[in-house]
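My questions all concern the structure below.
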Amino acid sequence: MDGTAAEVPKIFDPFFTTKMGRGGTGLGMNIVQGIVVRILGGSITVDSAPGKGCTITVIFPTCAPHMHD
């Protein structure tokens, strides 16, 4: 991620990539969000500033929620 302010809200969108045409599928962070939120019951946020990089914060509960079959 290049870290532009316009990109940050889109980072978890399926197929969003900054490497269009250069091998990026744009599924990585969408898959990560699905695992963290839906499976593990946690949260994930991204903060980015141009020239400063980005910070990804992942918070997990002490016990994952029970998955219904």
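The values are calculated or read from the model by the stated rules, or taken from the named source; none is laboratory data. Only a predicted model underlies this, so the values are computations on that prediction, with no experimental measurement involved. With ideal geometry, Cβ positions are generated from the backbone for all residues, glycine too; neighbour counts draw on all protein chains shown.
Residue by residue through the range 36-56, note down the ones that are surrounded by 12 or more Cβ atoms within 10 Å (Cβ to Cβ), β-branched (V, I, T) and either at pLDDT below 85 or not in a strand (DSSP E or B) (or both).
Within the range 36-56, V36, V37 meet the criteria.
Name the pairs whose Cβ atoms lie under 7 Å apart, with the first residue in the range 37-50 and at positive phi, the second loosely packed, with under 12 Cβ neighbours inside 10 Å and of a type in the set (A, V, I, L, M, F, W, C), and 6 or more positions between them or separate chains?
Final answer for the pair search is G41/A64.
If you don't mind, there's one more thing I want to ask. Any residue in the range 12-35 that is at pLDDT 80 or above, at positive phi, loosely packed, with under 12 Cβ neighbours inside 10 Å and within 15 Å of the chain's Cα centre (by Cα)?
Checked the range 12-35: at least one residue is at pLDDT 80 or above, at positive phi, loosely packed, with under 12 Cβ neighbours inside 10 Å and within 15 Å of the chain's Cα centre (by Cα).
Tell me which residues, restricted to the range 57-69, are acidic (D, E) and either assigned to a strand (DSSP E or B) or within 18 Å of the chain's Cα centre (by Cα) (or both).
Selection gives nothing.
Moving on to the next point. Touching an Asp or Glu at 6+ places or on another chain (Cβ under 9 Å), farther than 23 Å from P65 by Cα and modelled with pLDDT under 90: is that true of T4 in this structure?
Against the criterion (touching an Asp or Glu at 6+ places or on another chain (Cβ under 9 Å), farther than 23 Å from P65 by Cα and modelled with pLDDT under 90), T4 does not qualify.
Just need a number here: residues in the range 30-69 that are more than 21 Å from K10 (Cα to Cα) and of a type in the set (S, T, Y).
Of the residues in the range 30-69, 1 are more than 21 Å from K10 (Cα to Cα) and of a type in the set (S, T, Y).
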